[in-house]
Every structure is written in C-alpha cells, then in structure tokens.
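Working notes, structure below.
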Amino acid sequence: MNKEEEYFMVKPTKPKSLGHELVTFIQKKMKKPGSNCKTIANLLTAKKGLTKNTSQNLVKIINDKMNKKKYPPVTRLELMLTENCNLNCEYCFISFKNKFNRMTELISKKSIDFLLSNSKKKKKLGVFFMGGEPLLEFDLIKATVDYAKEKLKNSDKKIAFSMTTNGTLFNDKILSYMKKNKITFMLSLDGTKKTQDMFRKLPSGAGSYDKTVSLIPLMKKFFPSFPVRVTPMPESISELFENIKHLSLDLGLSSFIVGPATNTVWNKKSLKLYEEQMLKVIHWIKKQKSDKNRISILNLKSDSPSEKNAAVRGCMAGRTSFTVTTDGNFYPCSKMLGLNKKQGIFRLGSLSDGITEFYNRMTLSGMIKVNNSQCKKCLIKKRCTGGCYASNFQATGDIFSQGTQDCKISTLFMSLSDKAETVLGKKYFKKIKD
C-alpha cells in the first residue's frame, strides 16, 4: 500500500490521523460548486503542504472510489457524431453547431469502452447517435457498432443502438445495415407539407417535406413501424390535430412523440390551443374502431417519480446518461452543450481524464440537496420531476428551477395525461408500455 492509499484507508475512528483530516477536507470541498479533481488537488498542495504528485494521486484514489461505490452506473451514452446537418430547422436546439466538428473513430471506440467499464453490473445499455444529422457520419456509425459487437462477444452485456434522424439520407444500404444490426430510429416529421416546410428547411430555404416523405416507403420496407417525433411551434399549433391525422391516415404512420419546441415563447393563447388540439387527438384515438388501428402517443402518459428517486429531480442526464462531444468531453445531455454562451454547462469530465467534476456529478446524482422552495405550494409537486435542465437554465439560470412558462407546460401535460387516461383507459397505456 502506497502513501496515498494509506491516507485514504485510515479509519474515521482516528480523528487525529492525517488520513482522516485529509479525507474530511476533501469531502467538504467536493460539495462546493465548481469542485473537481484539479481544484481539490491544488487545494491539498496549497493548504495541506502535500506535493503536487501526492495530491493528484490522493484525489484520483478518492475519485475512483466514488465512481465505483457512490455514483450510479452509466448505462446510456449520446454520441455527438457531428455538429453538421443537411437541414436548417428553425427550432433546432443545437445552436452551437460547427459543421467541421466531427467525432473520430478513436473517440467513438473509447466511448464504447467507457460505457462498458462504467456500467457496473447493469446488463442493458444504450448508445444514441446524435447530430447534427447522425447519418452524415454513417461510416462512423458502422465502425462504432462493429467495434461494440466485437467487445461484447464474451460479455453478458447488451447495447441497444438508436438515433433521431430527419430521414432524408436513407437508402437501401443504410437501412439494410440498420435492420441487420437492430439500430432503431425516430423520424423527425411535423405533419403536412405546409407545417413541415414552415420550420424544417433545406439550407437553400426550400422545404424538406417532399424529400422526407418520398423515402417513407423505403423506411417501412425495412422497419414496418417506427416512432415519429412531432415538434409543434406556436405558429403551427392550431394545425396539430390535422398534422397527426395526415401522418396517420395519409402516410400510414402510427407511433408518435409529441413535444413542443422549448426555445420559443408559448403564451396563454398558444398553450390553450395546444390543450384543445391534444384533446382532439385523444378523442379521435378513442373513436378508432379497434386497438390494432389506434395510433400511439408514446409520451402522453406522465408517470410520477418513484419514492426511491424522490430526492432526484430532472431526467437521467448526468446520472445514468452522458453525452460525449465530438472532442470527447462529457456533459449531461446534448441540450446543455450550447448554453452559457456556447461553452456548455455542468461538464462532467472527458474520455481522457474520466469523470472528474465532483460537484456536478454529485448534484445530478441527487447526492447534494437542491433548493426546491419554489415548488412547495405547487399542486403537482409530487408528480413533477422538475423539468428539463437546459430549459430551466435558459429561463432562470438554475438547472433545478423551472421558469413560469415551463411550469405551465408541465401542469398542462399532467392535466392532459389524466384526461387521456379517463378517455382511453389504462388498457391503452399498458399496450403502449408493453
């Protein structure tokens, strides 16, 4: 056992020992905003007189123990393959994109290694290919999947690969490979030609509807069923019901995730329209003659957080899910990359250094108490998970504090969820879940 290990292994029952003093010092500093391996090592050198090398080694030992025993397992990665895209959608949250930034094969393979080594005993893992448009880097997707398959040959772990795509780059070769390797996808398509072309445009300014829709028969040849992401904007919300009907009746699509664009203003009138349009959709689903023909709105039911996770707010970002940037840095999610003047927020570490940001990781893992005083009198506080970290930060400067607009949207979603269960019954949602 070396000197640094001796420091850490000293039992806390020896309050006067050097090991106890150093560990207590580090534990206190870890909970300070901005704390990471580097800042704490520097403090140990400056305040406790340790050499730079000893400080770094001691912090590394403690950080490794935190990763192994305290932090939750990492079970999902978003790989930001490229910031480039072949569309120019007005509501895209990737505001920081640089078309020249792309992930290398080395970084994608190291990401797979990181996932396998940090997932602990978890067997079911996920990799989500992000962009930009991920299919611009199809060769990289192939290299990543093939590498993962090789690594998993002697493992009891499994990785499910998925992506969201605008669908305009699909061809037989790509879809054949995806089907063979069970890579699922969600298609971004907002509805009729009028709605789709209003916000989802080609770089030339022309609409993307014709190109996307022309490839749907090919998509269905390889994947008979796939989810569609519909993103209403205030300007198009009055057409939401007609958009869903068009996608279902005219294009033969049956599975949807409907979620409003978050980087825009939803006033009282537009939120009222959102509710009215979704209620129309719900009652239309009810009128469909059989369960077999009914469309599925996958995010229509809002589940309350479990008692076990009651102390943890937000989604799984930074807890069990990480985003890996094109240059190999870790962030909680892709939406947080473009914030703070495009410098990103709540960085967690990197492939080269590991998870190094103590405070950020502990906070997102529910290990540091956050201030939820604004929610004390809220009628849905026991059902709400606290909103989107990125949207919260944009509205209030705090990832755990929702802005007024997001609170209204959360309340609306809860109300729609309850009404949908009343109209459609629990059987409908059980079928979707199964």
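The values are calculated or read from the model by the stated rules, or taken from the named source; none is laboratory data. The structure presented is a predicted model; accordingly, all values stated were derived computationally and were not measured. Cβ atoms come from the backbone with ideal geometry, glycine included; neighbour counts cover every protein chain shown. Accessible surface is based on the protein model in full, side chains and every heavy atom, while ligands, DNA and RNA are left aside. Shrake-Rupley method; radii C 1.70, N 1.55, O 1.52, S 1.80 Å.
Things worth noting here:
- On Cα atoms only, tilt of 268-287 relative to the major axis of the chain in degrees: 70 degrees
- Cα-centre dipole for segment 116-262 with unit charges at Cβ (Lys and Arg positive, Asp and Glu negative), debye to 20: 1080 debye
- Dipole magnitude for the chain: about 1700 debye, using +1 per Lys or Arg Cβ and -1 per Asp or Glu Cβ, origin at the Cα centre.
- The trypsin sites (Lys or Arg not before Pro) of segment 137-220 that meet both conditions, a loop assignment by DSSP and at most 16 other Cβ atoms within 10 Å of the site Cβ, are Lys153, Lys157, Lys182.
- Student exercise, segment 103-178 dipole from Lys, Arg, Asp, Glu Cβ charges, in Debye to nearest 20: 680 debye
- Cα centroid of segment 91-133 to Cα centroid of segment 154-176, whole Å: 13 Å
- Set of lysines near Lys431 by C-alpha distance (under 20 Å), chain-local residues within fewer than 8 positions excluded: Lys286, Lys287, Lys289, Lys292, Lys301, Lys419
- Segment 355-434, relative contact order in percent, only Cα pairs under 8 angstrom and at least six apart counted: 17 percent
- Gained length - Asn299 relative to Leu202, 0.36 nm times residue gap less alpha-carbon distance: 32.1 nm
- Taking every alpha-carbon pair within the chain, the share separated by more than 39 Å comes to 25 percent.
- Accessible surface for the chain, divided over its residues, is 51 Å² per residue with a 1.4 Å probe.
- Value in Å of the Kirkwood radius, where segment 376-434 supplies the Cα pairs that are averaged: 12.8 Å
- As a fraction of the 1.4 Å probe accessible area of segment 79-186, surface on carbon and sulfur atoms comes out at 51 percent.
- Cα-projected label distance for Phe25 with Ile432, points at 7 Å along beta-carbon direction, nm: 5.5 nm
- Counting only DSSP H runs of at least 4 residues, each contributing -39500 (n - 2.57), and dividing by the residue count of the chain, the helix-based mean residue ellipticity at 222 nm comes to -12000 deg cm²/dmol.
- The simple spin-label model puts a point 7 Å past each Cα toward its Cβ; for Ser238 and Lys65 those points are separated by 6.4 nm.
- Modelled label positions at Lys272 and Cys378, each set 7 Å beyond Cα in the direction of Cβ, lie 2.4 nm from each other.
- Of Gly259, Gly314, Gly191, the one that fluctuates the most in a GNM where the chain has Cα springs shorter than 10 Å: Gly259
- Cα convex hull, segment 108-209: 115 Å³ per residue, rounded to a whole number.
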